[in-house]
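S.K.: Could you have a look at this structure, given as structure tokens, before my questions?
The values are calculated or read from the model by the stated rules, or taken from the named source; none is laboratory data. What you see is a predicted model, and the numbers here were worked out from it, not measured in a lab. Note that each Cβ is placed from the backbone with ideal geometry, even for glycine, and that neighbours are counted across all protein chains shown.
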Amino acid sequence: MTGSKTLVAYLTRSGNTRVIAETLHRQLGATLFEIRPAKPYPEDYEEHVALATRERDSGYEPPLAAGVADIAAYDEIFLGFPVWGETAPPPIRSFLTAHDLRGKMLRPFITHGGYGVGRSPSVLASHAREARIAPPFVMEADQERRTLNQIKQWLGGIPA
């Protein structure tokens, strides 16, 4: 499972998925690739969510900043991403559409904010039809949402 024929590709927003990806990269001696849209998402959490929701609802697959130069060199791909709006993020759809994963072992690792993987498995199945897809590693990583909710609650208790 280790070596140059293994790729760890990931998308992260808050950094949770990056931590898992970097751990896999070190443990497996694999190539590491960050999936980034050509146009970055807004830094503001709520603006980011609104844009990602519009993209999800319209089926938009944003252009990526880069692709994996030689995807054919890899037999196994660990694919990491957070769940956005109960599904795989639009840049993950773009990544899957842009790369020929035919016959490759796809090992998803998915982070979520408490609602589970949602429709992510069906996105993987529909966008990587000819890949062999392993059951995902799934981890709840909702610190950002929890922090935002706690701040809003705190602010709501401050007299005007």
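S.K.: Checking the condition loosely packed, with under 14 Cβ neighbours inside 10 Å and closer than 19 Å to Pro135 by Cα, which residue from Glu76, Glu86, Glu46 passes?
M.R.: Values: Glu76 fails: loosely packed, with under 14 Cβ neighbours inside 10 Å; Glu46 fails: closer than 19 Å to Pro135 by Cα.
Of the residues listed, the single one that is loosely packed, with under 14 Cβ neighbours inside 10 Å and closer than 19 Å to Pro135 by Cα is Glu86.
S.K.: Still on this structure, please answer the following. List the residue pairs whose Cβ atoms are under 7 Å apart, where the first residue sits in the stretch 125-141 and is in a helix (DSSP H, G or I) and surrounded by 14 or more Cβ atoms within 10 Å (Cβ to Cβ), the second is modelled with pLDDT of 90 or more and among the aliphatic types (A, V, I, L, M), and the two are 6 or more positions apart or on different chains.
M.R.: His127/Leu96
S.K.: Could you grab me the full set of residues in the stretch 94-103 that are within 15 Å of Tyr10 (Cβ to Cβ) and in contact with a helix residue (DSSP H, G or I) (Cβ under 7 Å, 6 or more places away or on another chain)?
M.R.: Passing the criteria: Leu96, His99.
S.K.: Cβ-Cβ under 8 Å, sequence separation 6+ or interchain: first residue in the stretch 4-31 and within 21 Å of Glu43 (Cβ to Cβ), partner assigned to a helix (DSSP H, G or I) and of a type in the set (A, V, I, L, M, F, W, C). Which pairs?
M.R.: These pairs meet every condition: Tyr10/Ile20; Tyr10/Ala21; Leu11/Ile92; Leu11/Phe95; Thr12/Ala21.
S.K.: Mind listing just one residue for me: the one in the stretch 96-109 that is hydrophobic (A, V, I, L, M, F, W, C) and free of Cβ contacts under 8 Å to residues at least 40 places away in the same chain and, of those, surrounded by the fewest Cβ atoms within 10 Å (Cβ to Cβ)?
M.R.: Step one: list which residues in the stretch 96-109 are hydrophobic (A, V, I, L, M, F, W, C), which gives 96, 98, 101, 105-106, 109.
Cutting the leftovers down to free of Cβ contacts under 8 Å to residues at least 40 places away in the same chain gives us 96, 98, 101, 105-106.
On the way: Leu96: 21, Ala98: 14, Leu101: 21, Met105: 16, Leu106: 18.
Ranking the qualifying residues of the stretch 96-109, first place goes to Ala98.
S.K.: Name the residue that is surrounded by the fewest Cβ atoms within 10 Å (Cβ to Cβ), counting only residues in the stretch 11-43 that are assigned to a helix (DSSP H, G or I) and basic (Lys, Arg).
M.R.: Restricting attention to the stretch 11-43, the residues satisfying the condition of being assigned to a helix (DSSP H, G or I) are 16-28.
From what is left, the residues that are basic (Lys, Arg) are 18, 26.
Numbers: Arg18: 18, Arg26: 11.
Per the stated criteria, the residue is Arg26.
S.K.: Which of the residues spanning the stretch 35-50 are closer than 13 Å to Pro89 by Cβ, in contact with a strand residue (DSSP E or B) (Cβ under 8 Å, 6 or more places away or on another chain) and not basic (Lys, Arg)?
M.R.: Answer for the stretch 35-50, where residues must be closer than 13 Å to Pro89 by Cβ, in contact with a strand residue (DSSP E or B) (Cβ under 8 Å, 6 or more places away or on another chain) and not basic (Lys, Arg): Ile35, Pro37, Val49.
S.K.: I would also like to ask the following. So which residues in the stretch 57-92 are in contact with a helix residue (DSSP H, G or I) (Cβ under 6 Å, 6 or more places away or on another chain) and in a helix (DSSP H, G or I)?
M.R.: Pro90 - this is the single residue of the stretch 57-92 that is in contact with a helix residue (DSSP H, G or I) (Cβ under 6 Å, 6 or more places away or on another chain) and in a helix (DSSP H, G or I).
S.K.: In the stretch 11-26, is there at least one residue being over 11 Å from the mean Cα position of the chain (by Cα), of a type in the set (Lys, Arg) and closer than 15 Å to Pro89 by Cβ?
M.R.: The answer is no, given that none of the residues of the stretch 11-26 is over 11 Å from the mean Cα position of the chain (by Cα), of a type in the set (Lys, Arg) and closer than 15 Å to Pro89 by Cβ.
S.K.: Additional query: Only one residue in Gly113, Gly118 is in contact with an Asp or Glu (Cβ under 6 Å, 6 or more places away or on another chain), farther than 15 Å from Arg13 by Cβ, without any contact (Cβ under 8 Å) to a residue 60 or more places away in the chain and surrounded by 15 or more Cβ atoms within 10 Å (Cβ to Cβ). Which one?
M.R.: Of the residues listed, the single one that is in contact with an Asp or Glu (Cβ under 6 Å, 6 or more places away or on another chain), farther than 15 Å from Arg13 by Cβ, without any contact (Cβ under 8 Å) to a residue 60 or more places away in the chain and surrounded by 15 or more Cβ atoms within 10 Å (Cβ to Cβ) is Gly118.
S.K.: Okay, next question. Here's a check for you: in the stretch 1-10, which residue that is in contact with a Ser or Thr (Cβ under 9 Å, 6 or more places away or on another chain) and among the polar types (S, T, N, Q) is surrounded by the fewest Cβ atoms within 10 Å (Cβ to Cβ)?
M.R.: Restricting to residues being in contact with a Ser or Thr (Cβ under 9 Å, 6 or more places away or on another chain) and among the polar types (S, T, N, Q), the top hit is Ser4.
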